[in-house]
Amino acid sequence: MKNNSALFYTCSLIEFIGRRQKLRRSELVTLMGSSAIGRIYRYADVFHCEPIAKTADDFVTMLNIPEGSFDNVEACRYEVPDYWTIGEVYERLIEDISGDDEEHIIDRLIEVYTSWIDAAISNYNTDFYYQSREYICLCYREGKVCE
């Protein structure tokens, strides 16, 4: 299930909303719930036709997503990766742990985002988010950043 464009869009939208609302991505995914995330995933090809900011606004309003205080963009001392780049990191990890099981892709997405790895990927002051997909998957499976 490599290069799942619907998953890529879904993860990128989560990153976009998380930055805008200043929420940890784990908290955002919990607030959104599997139904809304599943809807984004199923209709990603349609949502993709709109500017991502509009789609984000629609979901923030519809789901009453609050503004928090987690601002990893402001805290970044280096070049901030764009939301598409971080969306791709999550997409690849979710693909790698899901294999061919597309039926449970939303469950895997929620599992990944609400795990310890969310903090590691969201820390833009480290090099973790731009490591190879194999390394990031290994770390996820090991439950820690590997040496």
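Before moving on, here are some points about what is shown:
- The C-beta contact set for the stretch 10-30 (first residue at pLDDT 95 or above, second residue part of a helix (DSSP H, G or I) and open to solvent by 40 Å² or more (accessible area, probe 1.4 Å), distance under 7 angstrom, 6+ apart or interchain) comprises Ser12/Tyr83; Ser12/Trp84; Glu15/Tyr83; Phe16/Tyr83; Arg19/Val73; Arg19/Tyr83; Val29/Ile110.
- Selection over the stretch 64-115 of residues that are closer than 12 Å to Arg19 by Cα, among the hydroxyl-bearing types (Ser, Thr, Tyr) and either in contact with a strand residue (DSSP E or B) (Cβ under 6 Å, 6 or more places away or on another chain) or without any contact (Cβ under 8 Å) to a residue 60 or more places away in the chain (or both) gives a count of 1.
- Test: residue in the stretch 70-85 that is closer than 20 Å to Ile136 by Cα and surrounded by 19 or more Cβ atoms within 10 Å (Cβ to Cβ): yes
- Residues (open to solvent by 60 Å² or more (accessible area, probe 1.4 Å) and within 20 Å of Ile14 (Cβ to Cβ)) located in the stretch 94-118: Glu102, His104, Asp107, Glu111, Thr114, Trp116
- Odd one out for Tyr130 among (1) hydroxyl-bearing (Ser, Thr, Tyr); (2) within 15 Å of the chain's Cα centre (by Cα); (3) open to solvent by less than 60 Å² (accessible area, probe 1.4 Å); (4) over 16 Å from Asn3 (Cα atoms): (3)
- Top-ranked residue in the stretch 20-68 [being open to solvent by 20 Å² or more (accessible area, probe 1.4 Å) and among the hydroxyl-bearing types (Ser, Thr, Tyr); ranked as farthest from Ile106 (Cα to Cα)]: Thr61
- Listed by first and then second residue, the pairs linking a residue in the stretch 127-146 that is at positive phi to a residue that is loosely packed, with under 15 Cβ neighbours inside 10 Å and assigned to a helix (DSSP H, G or I), with Cβ atoms under 8 Å apart and 6 or more places separating them unless they lie on different chains, form an empty list.
The values are calculated or read from the model by the stated rules, or taken from the named source; none is laboratory data. Quick caveat, the model's predicted, so the values are computed rather than measured. Note: ideal-geometry Cβ built from the backbone for every residue, glycine included; neighbour counts use all protein chains shown. The protein model used for the area step is the full one, side chains on, heavy atoms only, and it has no ligands, DNA or RNA in it. Shrake-Rupley method; radii C 1.70, N 1.55, O 1.52, S 1.80 Å.
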